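Let me begin by presenting the structure, written as structure tokens, before commenting on it.
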Amino acid sequence: MASSYIDEALINHALASSSVTAILGARLYHIKAPQRAVTPYAVMRIVAPSNDVETFDDDAYGQPLCQWTIVSDDEKTPSDAFLAAHALMDLYRNFDGSMDGIQVDYMEMRGPTELVLPNEQEIVCIVELVPHYVEP
């Protein structure tokens, strides 16, 4: 069954990637991770919705700002958060085509940004994506 939403398509595309799941397993969450989630894990959320819609050839294109937040412990260097961030960037780099039933024409990407949270045993990497896709 095809995705109805771009964030759903981004998650499903990542779950289908062996390079991503080799690091994160199936621990890819939408909006927020469960309490005491096992690390490493990643969370997908839309930071800024697609309020501006481009229109070309009678198609409406969305371009929301999406964010992967990847969390791991600091027990190894490079951290799993760093490795997973790069695996996600490699997965989406130069992507165009159908992603789980949604037509993506191109993808802007930024990151990874690395953060150390107050809990100094965790490392966080942020990857931002702006998929330009045909609204279903």
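The values are calculated or read from the model by the stated rules, or taken from the named source; none is laboratory data. Quick caveat, the model's predicted, so the values are computed rather than measured. Using ideal geometry, Cβ is built from the backbone for each residue, glycine included, and neighbour counts are taken over all protein chains shown. When the accessible area is computed, the model is the full protein with side chains, heavy atoms only, and any ligands, DNA or RNA have been set aside. Shrake-Rupley method; radii C 1.70, N 1.55, O 1.52, S 1.80 Å.
Data table
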{"quantity": "Among (1) modelled with pLDDT of 95 or more; (2) open to solvent by 20 Å² or more (accessible area, probe 1.4 Å); (3) farther than 18 Å from THR113 by Cα; (4) hydroxyl-bearing (Ser, Thr, Tyr) - the single one THR69 does not satisfy", "calculated": "(3)"}
{"quantity": "Residue that is closer than 16 Å to ALA14 by Cα, touching an Asp or Glu at 6+ places or on another chain (Cβ under 6 Å) and at pLDDT 90 or above, where the choices are ILE46, ILE126", "calculated": "ILE46"}
{"quantity": "Flag if PHE95 is in a loop (DSSP other than H, G, I, E, B) and surrounded by 14 or more Cβ atoms within 10 Å (Cβ to Cβ)", "calculated": "yes"}
{"quantity": "Residue in the range 80-87 that is surrounded by fewer than 17 Cβ atoms within 10 Å (Cβ to Cβ) and at negative phi present", "calculated": "no"}
{"quantity": "Meets criteria (in contact with a Ser or Thr (Cβ under 9 Å, 6 or more places away or on another chain) and over 14 Å from ILE6 (Cα atoms)) for ASP74", "calculated": "no"}
{"quantity": "Positions within the range 120-134 being outside any strand (DSSP E or B) and open to solvent by less than 70 Å² (accessible area, probe 1.4 Å), in sequence order", "calculated": "none"}
{"quantity": "Top-ranked residue in the range 11-48 [being over 26 Å from ASP74 (Cα atoms) and touching a helix residue (DSSP H, G or I) at 6+ places or on another chain (Cβ under 8 Å); ranked as most open to solvent (accessible area, probe 1.4 Å)]", "calculated": "ILE46"}
